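Notes to accompany the following structure.
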2 protein chains.
Amino acid sequence: MNISDASRDSGLPAKTIRYYEDIGLVKPGRLENGYRDYSDDDLHKLRFLQRSRGLGFSVEDCRVLLSLYEDRNRASADVKQIAKTHLVEIERKIAELQSLQKTLSHLVDACQGDHRPHCPIINDLAG
Amino acid sequence: MNISDASRDSGLPAKTIRYYEDIGLVKPGRLENGYRDYSDDDLHKLRFLQRSRGLGFSVEDCRVLLSLYEDRNRASADVKQIAKTHLVEIERKIAELQSLQKTLSHLVDACQGDHRPHCPIINDLAG
DNA sequence: CATAGAGGTTCCAGCAACTGGAAGGTCAAG
DNA sequence: CTTGACCTTCCAGTTGCTGGAACCTCTATG
């Protein structure tokens, strides 16, 4: 299966698939003409990557998750640890963004938004 | 005032201050020995940048906000528009992260996290 | 006066995770 | 034979810094 079919199948752009090969995540075989040739196993990995990236795991996390995916002797504790750490980070980001949202929405509400220069947003930024 | 004092005053790392100069945000004068020399006006701008970056505005937004800050004839509507757009983006990110959080926390809860290979997280990622 | 250390300067490289584009090889259809 | 759609590699750019090397300058001290 060539790269554009692999792209359709996995939902990843061809550019991204090549990039994943560059960094050693999924290394397909090659045909005589030099074209990449994706096996079923490669396709599983690409789909796995698509989904784990979609859940916001870093590429390095994905690398580890992929190796756990392939490890029939894995301990689920190892997977859970990665996911938990990621979850904590997501929760931290949510809290951070909610704090920004609170501040900004107050400022936006307080601003008249007219042709005049007076602006609580600018005043706040000016400190 | 030299760069390390400007750094202390603004809360920005010296490296960042030099970077802001590189990209044309705050251009201090120079002393005879080549050292940067920050005026009160420069310091106001640096503080303004520190705060607007702290609210998550992009550097390009900050550039526009800074010019509005200096424009005595600004329309507050222009400021408000930038802030509103940013706010919408923040809210979009919050929603996205909350969706990830929901999925991930379910998966983490469902995983035993023991020495055995069975893992709902991996199963989900595998599709 | 020599020197050590704490500043300052410039410039180059690298981070994450791709993405775009150029230059060129390959293949099937008309 | 040519067109067009594939494929290949490689290089550069994105965002917003950050680290480091190599070198200059100033101040204090022996």
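Rule-based calculations on the coordinates, nothing more; no lab input. Small disclaimer: the values here were computed from a predicted structure and weren't measured. Positions of Cβ are backbone-derived with ideal geometry, glycine not excepted, and every protein chain shown enters the neighbour counts.
Which of the GluC sites (Glu not before Pro) across the stretch A:1-110 are loop residues per DSSP, with 15 or fewer other Cβ within 10 Å?
Hits after loop and neighbour filter: A:Glu32.
Put a dot 7 Å past each Cα toward the Cβ at B:Ser4 and B:Ala95; how far apart are the dots in nm?
Using points 7 Å along Cα→Cβ, the separation is 4.9 nm.
Relative to the Cα centre, what is the charge dipole magnitude of the stretch A:11-127, using +1 at the beta carbon of each Lys and Arg, -1 at the beta carbon of each Asp and Glu, and rounding to the nearest 20 debye?
120
With n ≥ 4 as the cut-off for DSSP H runs, can you work out [θ] at 222 nm for the protein assembly as shown, using -39500 (n - 2.57) per run divided by the number of residues, rounded to the nearest 500?
-22000 deg cm²/dmol, from helical runs alone.
Return the long-range amide H neighbours of B:Ser39 (sequence gap of 5 or more, or a different chain), with a cut-off of under 5 Å between placed amide H atoms.
B:Gly29
Residue farthest toward the positive end of the dipole of the protein assembly as shown, with Cβ of Lys/Arg at +1 and Asp/Glu at -1: which of A:Pro28, B:Pro120, A:Ile122?
Working it through, the farthest residue towards the positive pole turns out to be B:Pro120.
What is the Cα centroid distance between the stretch B:2-55 and the stretch B:67-127, reported in whole angstrom?
The stretch B:2-55 and the stretch B:67-127 have Cα centres spaced 31 Å from each other.
Given the Cα atoms of the protein assembly as shown, and with Rh set as the inverse mean 1/r over their pairs in the Kirkwood sense, what is Rg to Rh to two decimals?
My calculation of the ratio gives 1.12.
Sum up the lysine pairs in chain B that clear both bars: alpha-carbon distance under 26 Å and a spacing of 8 or more or different chains.
8
Using only atoms on other chains, find how many Cβ atoms lie within 10 Å of each Cβ of peptide B:55-62 and report the average.
Mean partner-chain Cβ count within 10 Å for B:55-62: 2.
Enter the mean number of other protein chain beta carbons within 10 Å of the beta carbon of each residue in A:89-101, as an integer.
Mean inter-chain Cβ contacts per residue within 10 Å come to 5.
Averaged over A:70-80, how many beta carbons belonging to a partner chain fall within 10 Å of each residue's beta carbon?
Counting Cβ atoms of other protein chains within 10 Å of each residue's Cβ and averaging gives 6.
What's the extension gain from B:Gln81 to B:Arg18 if we count 0.36 nm per residue and subtract their Cα-Cα distance?
Here the segment from B:Gln81 to B:Arg18 would lengthen by 19.8 nm.
Against the empirical 2.2 N^0.38 Å scaling, what ratio does the C-alpha Rg of the stretch B:1-58 come to?
For the stretch B:1-58, the normalised Cα radius of gyration is 1.05.
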